[in-house]
Amino acid sequence: MPLSQQSDAELASSALAGQQSAYGELMRRHRDGVFRLARGHVGDATEALDITQETFIAAFAALTRYDGARPFRLWIARIAINKCHDWARRRAVRRFFTFARPIEEAVAVADDALTPERELQSRAELAQIHAAIAALPGNLKDVLLLRTIEGMSQAEAAQALGVSEKAVETRLYRARNKLAEQLRDVGLVRV
């Protein structure tokens, strides 16, 4: 059977048996979702790409622990979230020891290419939204990204995070309110 028609569990078994193309197919299927999740967490595409790579390296190393009865998507999402948390801890340490400028100042850096004013404004707004999402507390950010960006159901998000469905519902409500508040503070949402 062609790899594209195999289930994630079958691909994981094939990868464990030494078939590299099977793991390649798993990566192809899930890399965009992992990247979106990481991008939502860190607010930076370059860092998100690094986290995506780290996620798949860690997943390959831990593939023997994957339970084929569970969706691979949830398993890889949990690894990605852990890698995002690792990134945040490393970043906090680096910030403590350096006098780096805040990421929000990077929005004001002009692009060398000539672009219409509206595109610049749109990019600035998008950067502010990414920064606002990245600034959310981890437990709220995780739920918001899994439910709204990745489109997971409440049950899937609860399973990926190891919490109850009611906790997912409550955290999503709080995350949306906090995000709306932050976007109001920077003038992106009008009252």
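The values are calculated or read from the model by the stated rules, or taken from the named source; none is laboratory data. A quick note: this is a predicted structure, and the numbers were derived from the prediction, not measured. Backbone-built Cβ (ideal geometry, glycine too); neighbour counts: all protein chains shown. With ligands, DNA and RNA removed, areas are computed over all heavy atoms of the protein, side chains included. Shrake-Rupley method; radii C 1.70, N 1.55, O 1.52, S 1.80 Å.
Tabulated data
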item	result
Fully extended contour minus Cα-Cα distance, from residue 4 to residue 169, at 0.36 nm per residue	56.0 nm
Whole-Hz ³J(HN,Hα) from phi, Karplus 6.51 cos²θ - 1.76 cosθ + 1.60, for the stretch 75-81, glycine and proline x	5, 6, 5, 5, 5, 4, 4
Amide proton proximity set for residue 19, modelled H, under 5 Å, gap of 5+	none
Relative packing of peptides 29-42, 52-65 - highest average C-beta neighbours within 10 Å first	29-42, 52-65
Centre separation in Å (Cα based) which lies between the stretch 10-33 and the stretch 120-191	30 Å
Candidate lysines - alpha carbon under 24 Å from residue 83, same-chain residues fewer than 8 apart omitted	141, 178
Mean accessible surface per residue for the stretch 128-191, computed with a 1.4 Å probe while every protein chain stays in place, in Å²	52 Å²
Average Cα contact separation per residue, the chain, under 8 Å, 6 or more apart, as relative contact order %	21 percent
Estimated 222 nm signal from helices in the chain, with DSSP H stretches of n ≥ 4 weighted -39500 (n - 2.57), rounded to 500	-22500 deg cm²/dmol
Gain upon complete extension [residue 29, residue 88; 0.36 nm per residue less C-alpha separation]	18.6 nm
